[in-house]
Amino acid sequence: MTAVADKTTTADAVVARLSSGMTLGIGGWGSRRKPMALVRALLRSDIGDLTVVSCGGPDVGLLAAAGRIRRLVTAFVTLDSVPLEPHYRAARERGTLELTEIDEAMLLSGLRAAAHRLPFLPVRAGLGSDVMRVNPGLRTVTSPYDDRETLVAMPALRLDAALVHLNRADRAGNGQYLGPDPYFDDLFCAAAETAYVSCERIVETAELTKDAPPQTLLVPRHRVAGVVEAPNGAHFTSCTPDYGRDEAFQRYYAATGWAAFAGRFLAGDERAYQEAVAAWHGEEEHP
């Protein structure tokens, strides 16, 4: 019997496998279960000129503020409790990135098409809206059946790499979510040439289904090239049930200029970030 490969690695080692100009998919949803430790590692590199595909949150805000995104493909960029991500908004107002804004169902179908290695999938989403106007490159197709319905041909969102954060994973790359929603994380991994999973805790394979149904095994090992144990690695987004969103810190992030925020919280490694956040909370509690 062939031994299962141990795919454990570090966030910096994952980033070392990425390069400028890539199309990068980032899992999570708004300000929920984002692979923030991996994003922060990306910010410590000089990688840029990225095409980012994301249901955007602070991952997009950080990368946009740092000037790493050339083109963004998204249905929204939000912090959930803060409706519009402010650093993304500032980048858009400065015109520092290209935007491909599509319907949420179109993004889902684009990932599905890429996962199945199809050139496109026909969808009704987008018809009768400004999506077709702001994306003049989109095409329609006519059903070959008796209905002759006109549909949008949503092109595949093929990814060079995907980054996702899950609650648990084993050393082989099987990833498990324990919260209320898988988001599109499995599709991001399936649509990518290589996928990397960070998780709150690496456990033995048998433990993944010990107290949870098998449906929670969201990402199979054959889709994963590397696994990073990153406790609190989704901070300041939520990672239910391990922890909720750090609303106080998110409000601070949203109200703080990029240079000041980056200088205090992003100048060092992940441990330095977590320590800086703890120090900030201490100051807020004992001014």
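The values are calculated or read from the model by the stated rules, or taken from the named source; none is laboratory data. The structure displayed is predicted, hence computed values, not measured ones. Positions of Cβ are backbone-derived with ideal geometry, glycine not excepted, and every protein chain shown enters the neighbour counts.
Pull out all pairs, ordered by first then second residue, where Cβ-Cβ is under 9 Å, the residues are six or more apart or on different chains, the first lies in region 153-167 and is without any contact (Cβ under 8 Å) to a residue 60 or more places away in the chain and closer than 20 Å to Ile102 by Cα, and the second is of a type in the set (A, V, I, L, M) and assigned to a loop (DSSP other than H, G, I, E, B).
Sorted first by the residue in region 153-167, then by its partner, the pairs are Ala153/Leu138; Met154/Ile102; Met154/Ala125; Met154/Leu138; Pro155/Leu138; Ala156/Leu118.
Kindly indicate whether Arg201 is farther than 24 Å from Gly30 by Cβ and either modelled with pLDDT of 95 or more or of a type in the set (Gly, Ala, Ser) (or both).
Considered against the rule, which asks whether it is farther than 24 Å from Gly30 by Cβ and either modelled with pLDDT of 95 or more or of a type in the set (Gly, Ala, Ser) (or both), Arg201 comes out as no.
Yes/no matrix, rows are residues, columns are (1) in contact with a Leu (Cβ under 9 Å, 6 or more places away or on another chain); (2) without any contact (Cβ under 8 Å) to a residue 24 or more places away in the chain; (3) more than 28 Å from Pro231 (Cβ to Cβ); (4) surrounded by fewer than 23 Cβ atoms within 10 Å (Cβ to Cβ):
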| residue | (1), (2), (3), (4) |
| --- | --- |
| Ala5 | no, no, no, yes |
| Leu18 | yes, no, no, yes |
| Gly27 | yes, no, no, no |
| Leu38 | yes, no, no, no |
| Val52 | yes, no, no, no |
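Would you mind finding the one in Ala234, Ala248, Ala254 that is touching a strand residue (DSSP E or B) at 6+ places or on another chain (Cβ under 9 Å), of a type in the set (A, V, I, L, M, F, W, C) and in contact (Cβ under 8 Å) with a residue 12 or more places away in the chain?
Within the list Ala234, Ala248, Ala254, the selection yields Ala234.
Mind checking which residues of region 119-152 are part of a strand (DSSP E or B), farther than 16 Å from Val73 by Cβ and not β-branched (Val, Ile, Thr)?
Across region 119-152, the qualifying residues are Pro122, Arg139, Leu151.
So in region 204-251, with the set limited to residues that are β-branched (Val, Ile, Thr) and surrounded by fewer than 21 Cβ atoms within 10 Å (Cβ to Cβ), which one is modelled with the lowest pLDDT?
Thr209
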